Amino acid sequence: MWTLREGAYAAVVDPGEAAPVRKYLAAEGLKLCAILATHHHPDHVGGIAELVQAAAVPVYGPRGEPIPALTHPVSEGDAVKLPELGLNFSVFDIPGHTRAHVAYYGAGSLFSGDTLFACGCGRVFEGTPAQMLASLGKMAALPDDTKVYCGHEYTLANIQFARKVDPDNAALAAREERVRRLRDAGRPSLPSTLGEERATNPFLRCGERAVVESANKYLGARIADPVSVFAAIREWKNKS
Ligand SMILES: [Zn+2]
């Protein structure tokens, strides 16, 4: 989960639990002003009911998913205004991991939930590979310096899989070293940037020759269309 703060106020994104949020707000002397949810999985919304009992704040989340205490259902093109923080976000529909998953984009930052991870992507539970690839493509079109705040710290494991798919990618090898140093020092690898993701995340590189060739080797077939390549490497990752 992520906290956004300014002055005396804070908003929280994907509070899977209430206790750490309440502890952080109390320790920092912050007042909760909003909750944003990207999708309905319990590890992203499990803390909402308890948090709104203590403070009846607006809860933003995808229209069409069961989000606890949802007050502001949102979908593609909607705006989320957080005046206490001086921040505005636009909402993208990014179905695939779940059927109505949303991302929040604003202030040069993208909250991508369990759809785009650092050097990886979420599993396709409720949508199709074509939907998931289109959702990833929508986010990949944002500027290079966009900070990517994803839902989980899976970066190192994702990089290890990515190196099997894209073994000669020098930027990926450099990223592995950088992330390993951070994790060894007990620090997060997040946020990443979209430029970094486009250069190293195999799920954003389904048209690159090296990734296509690896997908073919995995399948023992000749395919080239990006949706089939995406589906192949997503299945490979699930099994690895
Ligand atoms: Zn999820």
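The values are calculated or read from the model by the stated rules, or taken from the named source; none is laboratory data. Note that the structure is a prediction, hence the values are computed from the model and not measured. Accessible surface is based on the protein model in full, side chains and every heavy atom, while ligands, DNA and RNA are left aside. Shrake-Rupley method; radii C 1.70, N 1.55, O 1.52, S 1.80 Å.
Miscellaneous remarks
- With respect to the chain, whose longest principal axis is taken over its alpha-carbon atoms, helix 19-28 is tilted by about 60°.
- In degrees, nearest ten, helix 155-165 long axis to first principal axis of the chain (Cα): 20
- Using C-alpha pairs under 8 Å with a sequence gap of at least 6, the mean separation divided by the residue count of the chain gives a relative contact order of 13 percent.
- For the chain, the solvent-accessible area works out to 45 Å² per residue, with a probe of 1.4 Å and every protein chain left in place.
- From helices alone, the chain scores -11000 deg cm²/dmol at 222 nm; the rule is -39500 (n - 2.57) for each run of n ≥ 4 DSSP H residues, then divide by the residue total.
- Of the cross-linked pairs K138/K239; K147/K239; K147/K217; K31/K81; K217/K237; K23/K237, those separated by over 25 Å at the C-alpha level are K138/K239; K147/K239; K147/K217; K23/K237.
- Among beta bridges identified by DSSP and lying wholly in the chain, the antiparallel ones come to about 60 percent.
- 0 to 90° range, to nearest 10: angle between helix 170-184 axis and the chain longest Cα axis: 40
- Averaging Cα coordinates gives a centre for the range 111-125 and one for the range 200-218; these two points are 17 Å apart.
- Each residue of the chain gets 119 Å³ once the volume of the Cα convex hull is shared out per residue.
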